[in-house]
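Just so it is clear, none of the values below were taken in a lab; they were calculated from the coordinates. The model shown is predicted, which means the values in this text are computed figures rather than measured ones. Methodologically, a virtual Cβ is constructed for each residue, glycine included, from the backbone with ideal geometry; neighbour enumeration extends over all protein chains shown.
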Amino acid sequence: MSTSKILIAGIVGGIVALIIGFLLYGIALTSFFEANMGSASGVMKTEEGLLWIPLILGHLAMGLLFAVIFGRWASISTFATGAKAGAVIGFLVSFAVGMINFATANIHNLNGTIANIAISTVQSAIVAGIIAVILGRGK
């Protein structure tokens, strides 16, 4: 698969991930996560304090991760297979990071940690499905 197609799919996926993250974390579930914070104080940045460049770069890296895996190694090119693979990868990565953070920091309580894993899994499935469709176009 061409590098340009992988880059385009990764960038689109990163933009979709940013939008989904904003809708879920920034709007729909803000109060849930505020209620399920750990004992650490001052951890979450307010909207005025967000660092947009690292936030965007992180989401682009997420999109590129799926695009490289699907386009270079796995030949995943349909929404269904992309979503399934994305859910598995998203779950394993978010579960690993979530459990390590829960064990070593007071960012979220257990409910917040589990919810974050679930949301990341769903977000990854949607993003990866879209990336797979882009990679599969023109085959």
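Taking the C-alpha atoms only, the angle from helix 3-21 to the longest principal axis of the chain is near 30 degrees. Reducing the stretch 1-35 and the stretch 71-112 to their Cα centroids gives an inter-centroid distance of 13 Å.
Shown here for the stretch 1-99: trypsin sites (Lys or Arg not before Pro) in loop regions (DSSP other than H, G, I, E, B) with at most 12 other Cβ atoms within 10 Å, namely Lys45. Between the residues Tyr25, Val127, Leu57, the greatest Cα displacement towards the positive end of the dipole of the chain, with unit charges on the Cβ of Lys, Arg, Asp and Glu, is found for Val127.
Axis of helix 52-68 versus longest Cα principal axis of the chain: the two differ by about 40°, to the nearest ten degrees.
Using equal-weight Cα scatterers in the Debye expression, the normalised intensity of the stretch 4-139 in log10 at q = 0.12, 0.15, 0.18, 0.20 Å⁻¹ is -0.49, -0.73, -0.98, -1.14.
Hey, what did the chain get for relative contact order, percent, Cα under 8 Å, at least 6 apart?
Numbers: 188 pairs, mean separation 55.3, N = 139.
Reported as a whole number, the value is 40 percent.
Working ranking of peptides 109-118, 125-134, 12-21, 35-44 by packing, defined as the average number of other Cβ atoms within 10 Å per residue, highest first, is 125-134, 12-21, 109-118, 35-44.
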